[in-house]
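Have a look at the structure below before the remarks.
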Amino acid sequence: MMKAIKIILMLLVLSLASGTLSAQKVNVDKAFAAAEKQTIVLLKEIENDTAAIRKNQVSPRTVEHGKLTMVSSRDWTSGFFPAELWFLYAHSKDQKWLDLARKYTEKIKREQFNTATHDLGFMIYCPFGNGYRLTGDTAYRNVIIQAAKSLSTRFNPVAGVIKSWDHNTSKWKYPVIIDNMMNLELLFEATKLSGDSSFYKIAVAHANTTMKNHFRPDFSSWHVLDYDTATGKVLQKLTAQGYNNASSWARGQAWALYGYTMCYRETKNPVYLAQARGIANLILTHPSIPKDGIPYWDYNDPKIPNVSRDASAAAITASALYELNTYVPGAGYKNKADKLLYSLHTAYTSKPGANKGFILEHSTGHRPAHSEIDVPINYADYYYLEALLRSK
């Protein structure tokens, strides 16, 4: 009861904070035209990267120190660029983008059998899910189902969650990261495509266990939880990519918002909607969020404002808020999403031809590891294009 009252009070604050004035709108057609031009630049960069071709690196991930970083299909970000091509096709209906989307999606196909990662939602569902939605190609349907089978092998029924990582076993036994919420969409879709409810049940179990253990009273999330698979108990609450174990890593909060909004869509369980709204309130009213809405990489870095932003977190949040608005119209979520999208479009997009053709700049990948700090990155571009489409 107390938690429900707290949620209601926070939502009242959010509705007051949303105000009555509409945010400035992005011209979606012009934004996509600019994105297409950038993507043409990026495609040329890919074609000219002969070293990446020899190494069977198939997807562009980022630009660091002026150099394009290509990755193999096994990289967790490999599916985002093919999925961006599907978005360009969805907007333009141009055969050129359809052909390119099919070409680059095919390069990720082998990962449907990968049981060594939890990221199959990103790797497979982003490209193949969008491809199936837009074409109805049954071959894509089969890939989605197989990927869901592979992901399901990582579920532990005692802990009630899908294992995220197999590395750094000296640090943790059974790590589960908040990012993993994003991969549940693959399982929900596989149940609809196959009729096999086991995928749905795993997704719901993971969402419920994560909601129970991963969040603080203010709806902020830890990054990594370590589970004991013999008892199901939580052994540790940690971070890997945030400032410290007690901080709120910006992209992690965005993953959580998007994940529980999606879970409500797939289940219509009001508990997930309440969770998504609580997370939205945290993000939209946090005192460290700057005026343009684009968060610093971690809400609790003491060096704010002299640290990097994370445009990717803002893009994920904007896309999620557009969907959340459809479930709670009048709560101000669309206005907030419009503001984020406008900020990204006007101040965080690459100049024409810059950044090797990536669309957004100023994202932060893994600051504690000194990796991908203040750079363009493919998942920022993916969720930015999705937010543009959803804004219509």
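Summary table below
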item: Extreme residue, positive dipole direction of the chain, given options 151, 297, 168 (C-beta unit charges); result: 151
item: Cα gyration tensor, the stretch 249-392 - rounded (a/c under 1.5), prolate or oblate; result: prolate
item: Sulfur and carbon atoms: percent of accessible area, the chain [1.4 Å]; result: 54 percent
item: Sequence ranges 118-129, 95-106, ranked by mean other-Cβ count within 10 angstrom, highest first; result: 118-129, 95-106
item: Computed label-point distance, nm, for sites residue 166 and residue 237 using a 7 Å Cα→Cβ extension; result: 3.0 nm
item: Per-residue ³J(HN,Hα) for the stretch 365-372, Karplus 6.51 cos²θ - 1.76 cosθ + 1.60, θ = phi - 60°, Hz, x for Gly and Pro; result: x, 9, 4, x, 8, 6, 10, 6
item: Whole-number percent relative contact order across the chain, with pairs defined as alpha carbons under 8 Å at least 6 apart; result: 18 percent
item: Highest-fluctuation residue, 257, 341, 273 considered, GNM on the chain with Cα pairs under 10 Å; result: 273
item: Where labels lie 7 Å past Cα in the beta-carbon direction, separation of residue 29 and residue 103 in nm; result: 2.8 nm
item: Total charge dipole magnitude, the stretch 273-330, about the Cα centre, Cβ charges on Lys, Arg, Asp, Glu only, Debye to nearest 20; result: 100 debye
item: Residues whose placed amide H lies under 5 Å from that of residue 374, excluding near-sequence neighbours; result: 363, 364, 365
item: Ordering of 371-381, 282-292 by packing [mean C-beta count within 10 Å, highest first]; result: 371-381, 282-292
item: Net charge dipole size for the chain [Lys, Arg +1 and Asp, Glu -1 on Cβ; Debye, nearest 20]; result: 460 debye
item: Distant-in-sequence amide H partners of residue 59 (H built 1.01 Å from N, under 5 Å); result: 71
item: The stretch 331-374-the stretch 89-140 distance, computed between alpha-carbon centres (Å); result: 23 Å
item: Rounded accessible area per residue of the stretch 51-170, 1.4 Å, Å²; result: 41 Å²
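The values are calculated or read from the model by the stated rules, or taken from the named source; none is laboratory data. Note that the structure is predicted; figures quoted are calculated from it, not measured. Positions of Cβ are backbone-derived with ideal geometry, glycine not excepted, and every protein chain shown enters the neighbour counts. Heavy atoms of the whole protein, side chains included, go into the accessibility calculation; ligands, DNA and RNA do not. Shrake-Rupley method; radii C 1.70, N 1.55, O 1.52, S 1.80 Å.
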